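Data block below; observations after.
The values are calculated or read from the model by the stated rules, or taken from the named source; none is laboratory data. Bear in mind the structure is a predicted one, so any value in this text is a computation, not a measurement. Neighbour counts run over all protein chains shown; Cβ positions are idealised from the backbone, glycine included. Please note that ligands, DNA and RNA were not included when accessible areas were found on the heavy atoms of the full protein model with its side chains. Shrake-Rupley method; radii C 1.70, N 1.55, O 1.52, S 1.80 Å.
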Amino acid sequence: MLIKISGIKRSAFARNVAVLVGGRGMALLVAFLLTPVVASLFSPADFGVAAVFVAISQLLSTVSALGYQNAVVLPKSDIKAGQLLVLSKVLLAGFVLLLFAYLGGMELTGAEPPFSNTLGSWVWIVPIVVGILGARHIREAVLTRSKEFMVSARAGIGNVVSMSISRIRLGLLFGSSVWGLVSGYILGGLVNLLMLRGRTAVHHDVMTAKVGWGQLKRLAKEYQDFPLLNAPSALMVGMSAKLPLLFFGLWLGPAVVGLYAMATRLITTPITTTANALRRVYLQKAADMERKNQNLAEVFWKVTLALFASGFVPFGLLWLYGEEILGFVLGETWREAGLYSEIMAPWFFLLWTSAVVSPTMVVRRKQGVFTALQFIMFICRVAVLGWCYT
């Protein structure tokens, strides 16, 4: 960061952020170096179909446990946290089964599921990927509570490396294909999940020694603001980010989606990876401060100001020279993706600057305010895209 954050610099907070960002930074470096290779092996059209598949899977995974996994870090008692963990796992399993039942019902009635024209038979793999991503969210919540951020950092590296290497290998063997891209994504998710499981299994046994259905019902009611407010808010945040990709898939075809997806992938991957690392450490720190009745507002504004200062120059350069940068990195086939990155540069900057707003609302149990704000922003984005289309 470009400015000093007094009071949290050289603290456990800063060290934990450094661990996660350092590990994720290594993963980003690998992804950045291998992205041009992947781009040379796969066409924008195939990349677009795979991007729609990933976007739908990620959106559904945000509500797969109804947001209860985000509450695991809050209770003082490990027993209550363990009960929340079990509740999250039960809800995830039910959500995946519900998705399969929905697809089966659509098949029996002869109806077509949404985006089936784009995804084809891959629509049946979506519930499996939702299960993988949902399980990863739950395991990361346990590691956040136990402050084992190094495990998460290593798992992130394993995810990126395995996904990129498998995609390159499949592309070299079989050429450009949707299944090569999707298979690589699934393999990366499985590697990440297995690397997380080793440490979370220990905490799971300690935290969930005895859990009954009555306890789960009482806990679900106590933390009902998470499914009522936190989960819809997370879904709207995800949908707002994915709206152009999904709309382009319906209106303009997979090739345009591929160009847009490559631009957002190359730019938002370092943003979201670093921001997510910061959010997880900040969430744990903020939860501790809230339990001790300490001044959370001061830390919030210092971190936000530091994010603003650190992002001003890089996002300004992207706004001015995005087309040239992506054309040089990815080749002329993907040069138009750079034009998209220039248009979206202000949004990327705001995404980076507002990184710790969401965990602050979670800790302060102000999800209602955040949900209302996200709903207004979502309606505005839908209106703008609809107006542009007409």
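The Cα atoms of the chain define a convex hull whose projected area, averaged across directions, is 19.4 nm². For segment 275-390, rounded, prolate or oblate, judged on the Cα gyration tensor with a ≥ b ≥ c (square roots of eigenvalues), a/c < 1.5 rounded, else prolate if a/b > b/c? Since a/c reaches 1.5 but b/c is at least a/b, the shape of segment 275-390 is classed as oblate. Computed from label points 7 Å out along Cα-Cβ, the spacing between Y321 and A309 is 2.4 nm.
Applying a length cut-off of 20 Å (Cα extent along the axis) and a mean Kyte-Doolittle floor of -1.0 to the DSSP H helices of the chain leaves 12-41, 44-61, 78-109, 126-146, 149-174, 178-207, 231-251, 254-291, 296-330, 335-353, 367-389. Quick check for you: with a 1.4 Å probe and neighbouring chains kept, what is the accessible area per residue of the chain, in Å²? That works out to 47 Å² for each residue. Restricted to Cα atoms, segment 212-332 shows a radius of gyration and a Dmax of 20.0, 60 angstrom.
Mean residue ellipticity at 222 nm, helices only, the chain: -28000 deg cm²/dmol; runs of at least 4 DSSP H residues each add -39,500 (n - 2.57), and the sum is divided by the number of residues. Under 15 Å from a label point set 7 Å out along the Cα-to-Cβ vector of R365, the amide N atoms of segment 265-290 belong to 287-288, 290. Translational diffusion coefficient of segment 44-122 (Stokes-Einstein, Kirkwood radius from Cα pairs, 25 °C, 0.890 mPa s): 167 µm²/s. Subtracting the Cα-Cα distance of M150 and L339 from 0.36 nm times their residue separation leaves 64.4 nm of extension gain. Taking the accessible area of the chain, probe 1.4 Å, and keeping the other protein chains in place, the carbon and sulfur fraction comes to 68%.
Note: relative contact order over the chain, using C-alpha pairs below 8 Å and six or more positions apart, is 27 percent. Ordering L216, L235, F247 by Cα displacement along the dipole of segment 206-328 toward the positive end leaves L216 in first place; charges were set at the Cβ atoms of Lys, Arg (+1) and Asp, Glu (-1).
So which of K80/K217; K89/K221; K147/K221; K76/K147; K89/K217; K80/K221 end up more than 19 Å apart by C-alpha? Checking Cα-Cα distances, K147/K221 exceed 19 Å.
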